[in-house]
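Scroll down for the structure; my scribbles are underneath it.
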């Protein structure tokens, strides 16, 4: 049986982890990528009973390592059918004049350059085979700009543009490209944004039913399991209580 193989970045938590778990249940072979080895090991142990799993520890910002580790995949994992560009982050929430340059660098390096590095390492083999599927995780921040979101919004607008560019460039190679742009998803996202302030992060998701990582994972699986003639190119997903990036109906 020729089963699909998926490479997922940012697989150790949130949407990436939930997607890995759902893919494993559906017998998709997994290449799980992340920075935290302990979490990768636990995930490999958990999902290895359901499907074939290999883990790669690297930071998507590290260009040389990205190419090195993907090039050295064992033969039985070299053919990557599905790429899920999930790794991303938000650092800080401030006006442009008060923003931290270190935070800016982190967001641009991970959300934009990291996505490009991993894509560049994987896409050539898809082009050679004239088949493949790429799912890019964007954000509502890639569709609108909100106060104090400046550089994060800019980085996710870049993901939105790159998704469209990939579809255009890869169209003649039968490679499907899709983007999902979630609103509020209850993950470690806000904890990272607020530099580990757990209490502050919790307030972002209080008073309403936020999206869960599993909700987005189910959408990703639905997208990649469509027939070959179907591509869901661009999808915005909100919790019902959310009307825009800044409007949430809290109780």
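Rule-based calculations on the coordinates, nothing more; no lab input. The structure presented is a predicted model; accordingly, all values stated were derived computationally and were not measured. Here the Cβ is made from the backbone with ideal geometry for all residues, glycine too, and neighbour counts use every protein chain on show.
Taking the longest Cα principal axis of the chain as reference, the axis of helix 213-224 is set at about 40 degrees.
Principal-axis analysis of the Cα atoms of the chain puts helix 115-129 at an angle of about 30° to the longest axis. Would you mind pulling out the separation of the Cα centroids of segment 26-97 and segment 178-244, in Å? Value for the Cα centre distance between the two parts: 19 Å. Values [x] 38, 22, 16; [y] 35, 23, 18; [z] 28, 19, 19 are given for comparison; semi-axes √(5λ) of the Cα gyration tensor in Å, derived from the coordinates here, is the one labelled [z].
If R0 is taken as 22 Å, the Cβ-Cβ distance between residue 38 and residue 59 corresponds to a FRET efficiency of 0.90. Report the paramagnetic label zone for residue 128: residues of segment 54-72 whose backbone N is under 19 Å from a point 7 Å from Cα along the Cα-to-Cβ axis. Residues 66-72 fall inside that zone. Relative to the longest principal axis of the Cα atoms of the chain, the long axis of helix 150-170 lies at roughly 30 degrees. The value given for segment 145-251 is a Kirkwood hydrodynamic radius of 15.7 Å, derived from the mean inverse Cα-Cα separation. Taking other C-beta atoms within 10 Å as the exposure proxy, 244, 190, 94 rank 244, 94, 190 from fewest upward. Between residue 188 and residue 208, what FRET efficiency comes out of the Förster formula 1/(1 + (r/R0)^6) with R0 = 25 Å and r the beta carbon distance, rounded to 0.05? FRET efficiency, residue 208 to residue 188: 0.85.
For the pair residue 49 and residue 72, a Förster radius of 30 Å applied to the C-beta separation gives a FRET efficiency near 0.75, rounded to the nearest 0.05. Taking the number of Cβ atoms within 10 Å of each Cβ as an exposure proxy, the fewest-first ranking of 39, 176, 193 is 39, 193, 176. Taking a cut-off of 26 Å, what percent of all Cα-Cα pairs in segment 45-191 are separated by more than that? Value for segment 45-191 (Cα pairs over 26 Å): 31 percent. Ranked for footprinting exposure by Cβ neighbours inside 10 Å, fewest first, 186, 38 give 38, 186.
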